[in-house]
Amino acid sequence: MEKRIKALRDQLHEHNHAYYVLDSPTISDYEFDMLLRELIDLEEAHPEFYDPNSPSRRVGGSVTKKFPTVMHDHPMYSLDNAYDFSELQDWESRLQKVLGNDSISYSCELKYDGASISLTYENGVLVRAVTRGDGIQGDDVTENVKTIPTVPLRLRSELEQRFDIRGEIILPLSGFESMNAERIANGEPPFMNPRNTASGSLKLQDSAVVAQRPLQCFLYQIVTNVPLFETQVQGLEAAIDWGFHVPKHFLEAKNLEEVMSFIKHWETHKNDLPYEIDGVVVKVNSLDAQAALGFTSKSPRWAIAYKFKTERVFTTLNSVDYQVGRTGAITPVANLEPILLGGTIVKRASLHNADQIEKLDLHIGDTVGVEKGGEIIPKITEVNTQKRLLNAQKIQYITHCPDCNTPLVRDSGEAQHYCPNTEGCPTQIMGRIQHFISRKAMDIEGLGGETVALMHKQGLLQSYADLYVLTEAQLLPLERMAEKSVSNVLQGIEESKSIGFERVLFALGIRYVGQTVAKKLARHFKNIGAIASADQESLMAVDEIGTRIAQSVNAFFSNPLNVELVRRLKTYGLQLSMELSAQEPHSSKLKGMSFVISGVFDLFSRDELKDLIESHGGKVTGSLSSKTNYLVAGANMGPSKKVKAEKLNISVIDEDTFSEMISL
Ligand code: AMP
Ligand code: ZN
């Protein structure tokens, strides 16, 4: 068994390197998952073969309450900055004073914009990962860093010596955007920029959450007491051989001119990279020369950061629009006089929320500075108040919904305003329907935004439940609805009935219940009834579910309109419980208990109740007898049953009490 565990670990380390570092996978994702699954199962069964650097650590799962502060083996310095060529020349003159007038060669590297990290390896395995902190000591975030797939847990080299390697934890732009798209879809405020998100991720308490973030680690410097190489560039090449992820855009430059052309190239091409950089780091290439130059109290004398100027343009703020999301969240957006920025014409900028507008003290017609960060949509970073017209109007944040005119609310501690008219606000209604049919939810094709809006206007669609009663005769007269598309839509709606419970739960559009949370809730509670009747405490017993989500789930199901929607979906045949085969081994909570089911229920069908009772070890019989323990009573139960139950001393319970019995 030990042999198999070891073989699996070896294979998974290899595949991981091929997939994430070399970007050329050698097996399918499915095969990879199968190997990992096998390893995790074996490790669980054989804790005696524990290995802190097993590839299974990548999935996270450990919870850290407090990150201990530890001393760095070698201090982490910051870098001196240069902003133009003459400052680089001044720097070279200072170097020449120490090194003599021979030409100096340099290593030119991109300056990745993320969170700096120091990794320590000993005997070829990762022993710890520490944030920069104050440079002398930082926070030990090893368990979180282990989940980042580009960090080798084990080297592809026999090197036993202890050493540090420095790098930057970054969030690629695509990952940042997809995380934000998901947050916005869930009604959560988006992250501000990739760098803060990356550094915030390192301090998350649950490493399983870190594992889900698409973080990467770029390495740029090996640090040892006695140099292992002659040059910095050799060090980078060795790091690549050892299995580290070193972006390939580094260059050995023979002189400052070559350095300068590297800088110029990346200043104009930085937006072609899939991640953010904020400059170029230039290092003296020879490690002997580095040793001769040494450090000031703050930074190495042998390196300098050439910072790119953030491109900022000034333009006029014409007006502010307010968009309503499907959860009612209001987002202000600035309309600008169109202007060229970073190669594209910019017409709109995000303003985030009311506080942001207040902080900038924005007036209509203001001359505003606009910058592009990691987001697709640029942001306003400053106002030139000198250019403000005398009678300029200060922007008054709206007090009423631009769509339905309901007074907006803002909960304490929340930055966002909301339109509370959940049931009547057209944008929210349509947003919920669109979310429901979207690809990650019910995946109903052939229904675009305009068609949904049209159907809503014509009174055909008030809620997503109405989708399931649409008929051909209703759809055909609609604009752009030929026979073919009508049958496609109806077929799509029909097929959605077989979509699994987890996705249906996500599709309901409960605020803060994104795909991941929906999955966790579905797997824990198994059916919609149990979720609907769970109190805050039992919801929070599920990992990753905190007060905010629990409250939102409770609020959703305490609204009778939502309960009615769910009830309808159920009658239309949607999957509102986990398929039995997908459920975990059934419990024996109801072992030895006998049940009778009577009446109709809001959230379960009678068959489902029966399945649930049986899967938890209970028995269901058709009529009450002295052996019956519980009568599960729904609406419309005949009065004689109740009398009989009382006579026989049988507990009469409703569906909520029942779901508590099985979810505890
Ligand atoms: P600063 O924070 O502006 O003092 O810049 C220093 C930081 O730049 C270091 O702490 C690193 O985290 C980061 N950095 C990014 N890329 C590199 C690189 N290629 N070489 C050295 N430092 C880098
Ligand atoms: Zn509204």
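The values are calculated or read from the model by the stated rules, or taken from the named source; none is laboratory data. None of these values were measured; they are calculated from a predicted model. Cβ placement follows ideal geometry from the backbone for every residue including glycine, while neighbour counts extend to all protein chains displayed. Calculation scope for accessible area: heavy atoms of the full protein, side chains included, ligands and nucleic acids excluded. Shrake-Rupley method; radii C 1.70, N 1.55, O 1.52, S 1.80 Å.
A Stokes-Einstein calculation at 4 °C with viscosity 1.567 mPa s, built on the Kirkwood radius of the range 379-458 over Cα pairs, returns a diffusion coefficient of 80 µm²/s.
Rounded to the nearest 10 degrees, the angle from helix 85-99 to the longest Cα principal axis of the chain is 60 degrees.
Considering only protein heavy atoms and a 1.4 Å probe, what is the carbon-and-sulfur percentage of the accessible area of the range 510-664?
Values: 3760 of 7640 Å².
Answer for the range 510-664 is 49 percent, counting heavy atoms of protein chains only.
Give me the percent of Cα-Cα pairs in the range 451-524 that sit more than 13 Å apart, rounded to a whole number. Provide the component values of the computation, followed by the final result.
On the way: 1895 of 2701 pairs.
Everything past 13 Å amounts to 70 percent.
Give the residue list of trypsin sites (Lys or Arg not before Pro) in the range 322-430 that are DSSP loop and have at most 10 other beta-carbon atoms within 10 angstrom.
Values: sites: Arg326, Lys347, Arg348, Lys359, Lys372, Lys379, Lys387, Arg388, Lys394, Arg410; in loops: Arg326, Lys372, Arg388, Arg410.
Here no loop site has a sparse enough neighbourhood.
Loop-located trypsin sites (Lys or Arg not before Pro) in the range 18-76 (DSSP state other than H, G, I, E, B) with a sparse environment of at most 10 neighbouring Cβ atoms within 10 Å: Lys65, Lys66.
Run lengths n ≥ 4 of DSSP H only: what is the helix-derived mean residue ellipticity at 222 nm for the chain, with -39500 (n - 2.57) per run over all residues, to the nearest 500? Taken over the chain, the calculation gives -10500 deg cm²/dmol.
What is the ratio of the Cα radius of gyration of the range 2-59 to 2.2 N^0.38 Å, with N the residue count, to two decimals? Each step should come with its number before you reach the end.
Working: Rg = 11.2 Å, N = 58, 2.2 N^0.38 = 10.3 Å.
Cα-based Rg divided by the globular estimate yields 1.09.
Within the same chain, lysines fewer than 8 places from Lys254 are excluded, and of the rest, those with a Cα less than 17 Å from its Cα are Lys264, Lys283. Principal semi-axes of the equivalent ellipsoid, √(5λ) from the alpha carbon gyration tensor of the range 1-99, are 45, 21, 13 Å from largest down. Stokes-Einstein at 37 °C, 0.692 mPa s, Kirkwood radius from Cα pairs: D for the range 428-571 in µm² s⁻¹? The Stokes-Einstein estimate is 206 µm²/s. Taking 20 Å as the straight-line reach from the Cα of Lys610, the aspartates and glutamates in range (excluding those fewer than 8 positions away in the same chain) are Glu579, Glu584, Asp602, Asp654, Glu655, Asp656, Glu660. Please report the base-10 log of the normalised intensity I(q)/I(0) for the chain, using a Debye sum with one equal scatterer per alpha carbon and no solvent, at each q in 0.09, 0.10, 0.12 (1/Å). Results for the chain at q = 0.09, 0.10, 0.12 Å⁻¹ read -0.97, -1.13, -1.36.
P(r) tail for the range 594-663, what percent of Cα pairs lie past 21 Å?
Working: 373 of 2415 pairs.
For the range 594-663, the fraction of Cα-Cα distances above 21 Å is 15 percent.
Here Lys111 is the anchor, and the aspartates and glutamates within straight C-alpha reach of less than 12 Å, apart from those fewer than 8 places off in the same chain, are Glu168, Glu267, Glu276, Asp278.
With r as the distance between the Cβ atoms of Asn271 and Thr399 and R0 = 45 Å, compute the FRET efficiency 1/(1 + (r/R0)^6) and round to 0.05. Don't jump to the answer; show the numbers that get you there.
Numbers: r = 39 Å, r/R0 = 0.87.
Step by step, r from the Cβ atoms, then E = 0.70.
Taken along its principal axes, the alpha carbon cloud of the range 311-419 reaches lengths of 37, 34, 25 Å, longest axis first.
Please pull out the direction-averaged projected area of the range 35-173, using the convex hull of its alpha-carbon atoms, in nm² to one decimal place. Kindly include the intermediate steps, with their values, before the conclusion.
Values: hull surface 50.5 nm².
For the Cα atoms of the range 35-173, the hull's average projected area reads 12.6 nm².
Please report Rg over Rh for the range 31-81, where both radii come from the alpha carbon positions and Rh follows the Kirkwood definition.
Numbers: Rg = 17.5 Å, Rh = 14.5 Å.
A ratio of 1.21.
Listed as lacking a disulfide-compatible partner in the chain: Cys108, Cys217, by the criterion of no other cysteine Cβ under 4.7 Å. Just need the Rg to Rh number for the range 215-261, please, alpha carbons only, Kirkwood Rh. Value, to two decimals: 1.02. Counting Lys +1, Arg +1, Asp -1, Glu -1, what net charge surrounds Lys309 among other residues with beta carbon under 11 Å of its beta carbon? Net of charged neighbours comes to -3. Relative to the current alpha-carbon distance between Glu579 and His249, full extension at 0.36 nm per residue lengthens the span by 113.8 nm. Annotation for the range 116-182: GluC sites (Glu not before Pro) lying in DSSP loop with at most 13 further Cβ atoms inside 10 Å of their Cβ are Glu158, Glu160.
Per-residue SASA remark: Cys404, around 40 Å² accessible (1.4 Å probe; ligands, DNA and RNA not included). The residue list Val563, Met540, Gly573 was ranked by how far each Cα lies along the charge dipole of the range 501-578 toward its positive end, using unit charges on Cβ atoms, and Gly573 comes out on top.
Using square roots of five times the C-alpha gyration tensor eigenvalues, list the equivalent-ellipsoid semi-axes of the range 501-578 in whole Å, biggest first. Each step should come with its number before you reach the end.
Working: eigenvalues 67, 36, 22 Å².
Result for the range 501-578: semi-axes of 18, 14, 11 Å.
The solvent-accessible area of Arg132, taken with every protein chain present and a 1.4 Å probe, is close to 90 Å².
Modelled label positions at Arg94 and Lys359, each set 7 Å beyond Cα in the direction of Cβ, lie 3.3 nm from each other.
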